[in-house]
Amino acid sequence: MDRLTYFPGCSLKDEAKEFEISAMAVMKVLELPLVEIERWNCCGTVFSLTEDDLMHQLASIRNFIRVQEAGSDEIVTSCAMCYNTLKRSSLFVNHAEERLEKINAFMDEEVAYEGKVEVRHLLEIIRDRIGWEKVEEAMIYPLEGLSVAPYYGCMLLRPRQVGIDDPDNPTIMRDLIDALWATPVEYAFQAECCGSYQVVDHRELIVERTHRILSSARRAGADVVVTSCPLCQYNLRETQSELKEKIPTYEEMPVMYFTQLMAVALDVDSGELPGPLLARFSVGEGVGKGEG
Amino acid sequence: MARKELEIIEGLWEKVEELSGQNIFACYQCGMCSAGCPFTDEMDMLPNQVIRGLQLRDWNTMDCSAMWICASCFSCQVRCPKGVDLAKLMEAMRQIYLRQQLDHVSIDDMTPEQISKLPQIALVANFRKKTG
Amino acid sequence: MSEQENATIRIHIMGKTYRVPAGLTIMDAMEYSGYRFIRGAGCRSGFCGACSTIYRREEDYRLQFALACQEMAEDGMYLVQLPFTPAPRSQYDLEKIDPTENVLLQYYPEIARCVSCNTCTKACPQDIEVMDYVQAALRGDIARTAALSFDCIQCGLCTMRCPADIKHYHMAQMARRIYGRYLSPVPEHLEEQLREIEEGVCDSELDKLVAMNEEELVLAYAARIREEE
Ligand code: SF4
Ligand code: SF4
Ligand code: SF4
Ligand code: SF4
Ligand code: FES
């Protein structure tokens, strides 16, 4: 059976465990299992944007070397931030001989990185290598009657050369939601920044972003919002209690990973689901059940 | 006493251009970047004003809070009709500070209680952007 | 053999060259040359971590790291005495700590700055995968941090070299403490024994010992029954 060289990233071992649990379970059913590389390090989460900075590329490159050692030329991750950082690093050094040479000379304890590893996001793999039809076929509980708002955020789409879809009009998550027989929700803020790392020293900014993004999804009729990024997920989920304190009428919006949505439909382990959805997704029972 | 203010180094403007790899004079001030930036409400200068300031070598630009509010979301980058990567310019300006050991976030002042609420993905990213 | 005993090597200390007998450790060679270790030496046998040192070989671009009491001086080495460079240690009460996954980050947030340069690992005289334990800590794996750092002798070389100003050895010590206090399985026989002590099973024996004089104690010690290993 084919398998994928999988890079989990720190968050999936920590506060985003449900992301990994569901991704693993789903990919097993789809017969393209994720196999974690043996040794890996934090990618750094954000790509360094200065031209002269090779130091902050080391983290990505070291992971590429691990992939190379595992005899693969592809690294797959489901975390949008890892994806973006690793992808940009690969574009920064693959085919850039001078940079590669310097980095390899610095990492003299490692075998040289040959510059051949390709970075892919799990959504891309599902779209391009598995296909929506196969996802639909594997479905046990169609999610009929559930309105799902995709939240792309920044890291899946921008910059253009890095994005897994058209940054102006992305469809990849909508197609996934369609394949699961749920109703995709169109709303204005699907690709707007949640505030990202500003949550550390400008939390108020995130609360404001969360309000805008989730209210917009709510107005468009969403029952749930799906993400692909542990930081988006944290920001959108955790600041809602602060929002409630400010606006007593605010109604909580459940937020979950796209792989969890898939896991529910494919009837495999979804990891911990957001409270408000638990009732609807009680174990072994899909939403609406449909004719599936 | 630790230095708190940016030391104006020679060739600072050129350094910003070099670090970012951007041609700031390509910008014709259409304002698309600012129209798309989700954080302009909190910024003291709009993104297009920042690049204008750089073009004019206006020292006030180096004091702006905008560079620290910018979340590197790349909305401006995908919109700019002239191919200017404003996120890279913001990063270059931050780096001018950080490379002079002027951190924007003080790790030592963060308490365990504060950190216990935050995911490590946010800390790694924030420290990469705001400490040197 | 006598030829070998008389053999000498050249070492350079602070720009001056000395001839010292071959076969000495760096520490001994420096002492032979007239340097005194007032600080920076302790056990002299590779356990206390007080004698971390750096050196260079002629015509090698790399800086080398070692314990002065363990590494042999070689011909042409450039040696220095390293000043003591303490790293701040976070204050915590082990009993009150919540051993959640991000507890190490809470007390040593600078681990989030690791750039995976591996400089720490290269510096470690104990051959510990230092970067890997920092990375394990970052992803909340306290048990792995504790296990990987087990041989650390707190020499501080990693911390002196880290471009991200991480305090590896203090952080790892905290991980081992948390692991020991909260995460490692408690051995059954220990629990059994503790229960016995609390129930007073040993009290009468202990009282007898306390009442003995020195002579009786010595006799009792000599006559003790040893448990099979
Ligand atoms: S979008 Fe580009 S050209 Fe227009 S103002 Fe911004 S940087 Fe200048
Ligand atoms: S990258 Fe920065 S300046 Fe550009 S749109 Fe995003 S927050 Fe605004
Ligand atoms: S981990 Fe650091 S402090 Fe511990 S022995 Fe290695 S270099 Fe010394
Ligand atoms: S030296 Fe510091 S930055 Fe480099 S790998 Fe070790 S802990 Fe990380
Ligand atoms: S003096 Fe104790 S380790 Fe060298």
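Quick check: is even one residue across the range B:26-42 of a type in the set (Val, Ile, Thr) and either within 13 Å of chain A (Cβ to nearest Cβ) or assigned to a loop (DSSP other than H, G, I, E, B) (or both)?
From the range B:26-42, those of a type in the set (Val, Ile, Thr) are B:40; that's our starting set.
Remaining after also requiring either within 13 Å of chain A (Cβ to nearest Cβ) or assigned to a loop (DSSP other than H, G, I, E, B) (or both): B:40.
So far as the range B:26-42 goes, yes, one or more of its residues are of a type in the set (Val, Ile, Thr) and either within 13 Å of chain A (Cβ to nearest Cβ) or assigned to a loop (DSSP other than H, G, I, E, B) (or both).
Sort out which residues of the range A:20-52 are within 14 Å of chain B (Cβ to nearest Cβ) and more than 25 Å from residue A:91 (Cβ to Cβ), and write them in order of number.
A:20, the sole residue that qualifies.
Of all residues in the range C:97-124, which are closer than 10 Å to residue C:164 by Cβ and in contact with a Ser or Thr (Cβ under 7 Å, 6 or more places away or on another chain)?
Hit for the range C:97-124 is C:113, nothing else.
Can you name the residue in the range B:84-123 that is within 14 Å of ligand 2 (Cβ to nearest atom) and in a loop (DSSP other than H, G, I, E, B) and, of all such residues, is nearest to residue B:39 (Cα to Cα)? Write out each step before concluding.
Kept after step one, since they are within 14 Å of ligand 2 (Cβ to nearest atom), are these residues of the range B:84-123: B:84-94.
Okay, now just the ones that are also in a loop (DSSP other than H, G, I, E, B), so B:84-85.
Working: B:84: 19, B:85: 17 Å.
Ranking the qualifying residues of the range B:84-123, first place goes to B:85.
Take the residues in the range C:141-175 that are buried (at least 23 other Cβ atoms within 10 Å of the Cβ) and in a loop (DSSP other than H, G, I, E, B); name whichever of them is nearest to the other protein chains (Cβ to nearest Cβ).
So the residue we want is C:166.
Inspect all residues belonging to the range C:123-140 and state whether any of them is assigned to a loop (DSSP other than H, G, I, E, B), more than 16 Å from ligand 5 (Cβ to nearest atom), under 16 Å from residue B:119 (Cβ atoms) and not small (Gly, Ala, Ser). Explain how you work it out, then say what you get.
Here is the first cut: in the range C:123-140, the ones assigned to a loop (DSSP other than H, G, I, E, B) are C:124-129, C:139-140.
Next, only the ones that are more than 16 Å from ligand 5 (Cβ to nearest atom) stay: C:129, C:139-140.
The next check asks that each one be under 16 Å from residue B:119 (Cβ atoms); those that pass are C:139-140.
Applying the additional criterion that residues be not small (Gly, Ala, Ser) yields C:139.
Yes, the conditions are met somewhere in the range C:123-140.
What pairs can you find where one residue is in the range A:152-169 and farther than 18 Å from residue A:230 by Cβ and assigned by TED's automatic domain parsing to the domain that holds residue A:229, the other is away from ligand 1 (no atom under 16 Å from the Cβ) and among the β-branched types (Val, Ile, Thr), and their Cβ atoms are less than 8 Å apart, with a gap of 6+ or different chains?
Listed pairs, sorted by first residue: A:165/A:171; A:165/A:172.
Could you give every pair whose Cβ atoms fall below 9 Å, whose first residue belongs to the range B:57-68 and is at pLDDT below 95, and whose second residue is among the β-branched types (Val, Ile, Thr), counting only separations of at least 6 or pairs across chains?
If the second residue must be among the β-branched types (Val, Ile, Thr), the pairs left are B:59/B:8.
Since residue A:276 meets every condition but one in (1) in a helix (DSSP H, G or I); (2) at pLDDT 95 or above, which condition does it not meet?
Exception for residue A:276: condition (2).
What are the residues in the range C:200-229 that are in a helix (DSSP H, G or I) and either touching a Ser or Thr at 6+ places or on another chain (Cβ under 8 Å) or among the aliphatic types (A, V, I, L, M) (or both), if any? It would help to see each step written out before you state the result.
If we filter the range C:200-229 for residues that are in a helix (DSSP H, G or I), which is where we start, we get C:203-211, C:214-222.
C:206, C:209, C:210, C:211, C:217, C:218, C:219, C:220, C:222 - these are the residues of the range C:200-229 that are in a helix (DSSP H, G or I) and either touching a Ser or Thr at 6+ places or on another chain (Cβ under 8 Å) or among the aliphatic types (A, V, I, L, M) (or both).
Residues that are more than 23 Å from residue A:52 (Cβ to Cβ), out of contact with any strand residue (DSSP E or B) (no Cβ under 8 Å at 6 or more places or on another chain), without any contact (Cβ under 8 Å) to a residue 12 or more places away in the chain and facing another protein chain (nearest Cβ under 8 Å): does the range B:104-112 have at least one?
At the first step, the residues of the range B:104-112 found to be more than 23 Å from residue A:52 (Cβ to Cβ) are B:106-112.
Cutting the leftovers down to out of contact with any strand residue (DSSP E or B) (no Cβ under 8 Å at 6 or more places or on another chain) gives us B:106-112.
Next, only the ones that are without any contact (Cβ under 8 Å) to a residue 12 or more places away in the chain stay: B:106, B:108-112.
After this cut, where a residue has to be facing another protein chain (nearest Cβ under 8 Å) as well, the list is B:110, B:112.
The answer is yes; a qualifying residue exists.
Give the residues of the range C:54-87 that are under 15 Å from residue C:158 (Cβ atoms) and in a loop (DSSP other than H, G, I, E, B), sorted by residue number. So that I can check it myself, show each step before the final result.
Filtering the range C:54-87 down to residues under 15 Å from residue C:158 (Cβ atoms) leaves C:54, C:63-67, C:82, C:85-87.
Within the range C:54-87, C:63, C:82, C:85, C:86, C:87 meet the criteria.
Among the residues of the range C:125-140, count how many are farther than 19 Å from residue A:57 by Cβ, buried (at least 23 other Cβ atoms within 10 Å of the Cβ) and under 18 Å from the mean Cα position of the chain (by Cα).
2
One line per residue, one yes/no per condition, for (1) crowded, with 18+ Cβ neighbours inside 10 Å; (2) within 13 Å of chain B (Cβ to nearest Cβ):
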position	(1), (2)
A:188	no, yes
A:197	yes, yes
A:231	yes, yes
A:247	no, no
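The values are calculated or read from the model by the stated rules, or taken from the named source; none is laboratory data. In this text the structure is predicted, and so the values were computed from the model without any measurement. Methodologically, a virtual Cβ is constructed for each residue, glycine included, from the backbone with ideal geometry; neighbour enumeration extends over all protein chains shown.
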